[in-house]
Amino acid sequence: MILVTGATGGIGTVLCLELAARGEQLVLTARDPQRLEELADRVRAAGGGAVSLPCDLRDQQAVSEIAAQVLAKHGVPTAVVSLAGHSIRRNLTETFGRPHDLVRLAGTNLLGPATLLLALLEPMCAAGRGRVVVVTSASARIPTPGWAAYGASKAGLDSWLRALRPQAARRGVQITIVEMPLVATAMATPSYGSSPRGALTPQRAAARVLRALDSRSTLLSPPWARIGAVLSQAAPAPAAACAERAGHLLRRISARDVSASGGRG
Ligand SMILES: NC(=O)c1ccc[n+]([C@@H]2O[C@H](COP(=O)([O-])OP(=O)(O)OC[C@H]3O[C@@H](n4cnc5c(N)ncnc54)[C@H](OP(=O)(O)O)[C@@H]3O)[C@@H](O)[C@H]2O)c1
């Protein structure tokens, strides 16, 4: 059985249908129960098994409860795919007076996923097998103005997983981090429009996650993200300025594409 968080999202939906075509049994989670049920129906129609378990990852108690429910009803997962996430872009002055943004992103992108993984890693390690695939962001290790809270939450999860990974591997559990670049999903729309230039399609993004599930790699990341991470350490100020500029350019190009297409984006 494979547990997928963020199952109803742009990437998650495609991933779940691909896994269904392989005949996998899935436990699907996200907040919206209706969308989860609709997806579960599609997964079953595509040849897989599906159970939906709604949960808000910001609610630690609820996260612990669904972990216990999964173990009691479905046993130890063979794999966990942690896809759920939320992003907020705000410049410095827009963040003043908004510590709740940080709380929200830390809950969704770091504490919730970590709490769920902690509860499942223990039995997975005891069983001596399992795979964990966690989707962070290609900018998780490239601090970028405008994305402070999102970057902090993803970088926190990245660092936590990197530290756990060797000891989990010695107990038979393989952890893979997927640093995802821009993908044309609902998450990207508020900043870049619905079809941002150069973004991956949800299909290509889901293929990366599938590759992570099938491989023994510890990290799947675009080459530019690896270089950006090194530059961010070696020369933090110019690297952050470059990242900020690249973001501005991409938003300008995306806005131009939308107006050239008559707003159909
Ligand atoms: N799209 C991009 O450009 C991009 C780039 C880099 C990394 N990523 C990462 O890729 C992953 C998937 O993103 P996506 O593009 O598929 O996003 P998406 O379409 O916005 O989907 C997000 C998913 O997370 C769930 N979710 C959001 N808040 C939640 C919460 N508090 N508790 C439980 N579930 C929650 C959503 O369902 P509900 O709303 O029903 O809860 C949905 O299933 C995320 O971790 C994201 O950070 C995306």
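Below, the figures for the structure above:
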{"item": "Residues that are touching a Ser or Thr at 6+ places or on another chain (Cβ under 6 Å), within 10 Å of the ligand (Cβ to nearest atom) and modelled with pLDDT under 95, drawn from region 188-213", "result": "TYR192, PRO196"}
{"item": "Selected residue (only one of ALA255, ALA149 is touching a residue at least 40 places away in the same chain (Cβ under 8 Å), assigned to a helix (DSSP H, G or I) and open to solvent by less than 30 Å² (accessible area, probe 1.4 Å))", "result": "ALA149"}
{"item": "Test: residue in region 93-104 that is in contact with an Asp or Glu (Cβ under 8 Å, 6 or more places away or on another chain), open to solvent by less than 20 Å² (accessible area, probe 1.4 Å) and of a type in the set (Ser, Thr, Tyr)", "result": "no"}
{"item": "Some residue of region 122-131 being within 16 Å of the ligand (Cβ to nearest atom), among the acidic types (Asp, Glu) and at pLDDT 95 or above", "result": "no"}
{"item": "Helices (runs of 4 or more DSSP H) contained entirely in region 171-243, each with at least 1 residues that are farther than 23 Å from VAL14 by Cα", "result": "223-234"}
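The values are calculated or read from the model by the stated rules, or taken from the named source; none is laboratory data. Quick caveat: nothing in here was measured; it's all calculated off a predicted structure. Glycine also receives a Cβ, built like all others from the backbone with ideal geometry; neighbour counts cover every protein chain displayed. Accessible surface areas use protein heavy atoms only, side chains included; no ligands, DNA or RNA. Shrake-Rupley method; radii C 1.70, N 1.55, O 1.52, S 1.80 Å.
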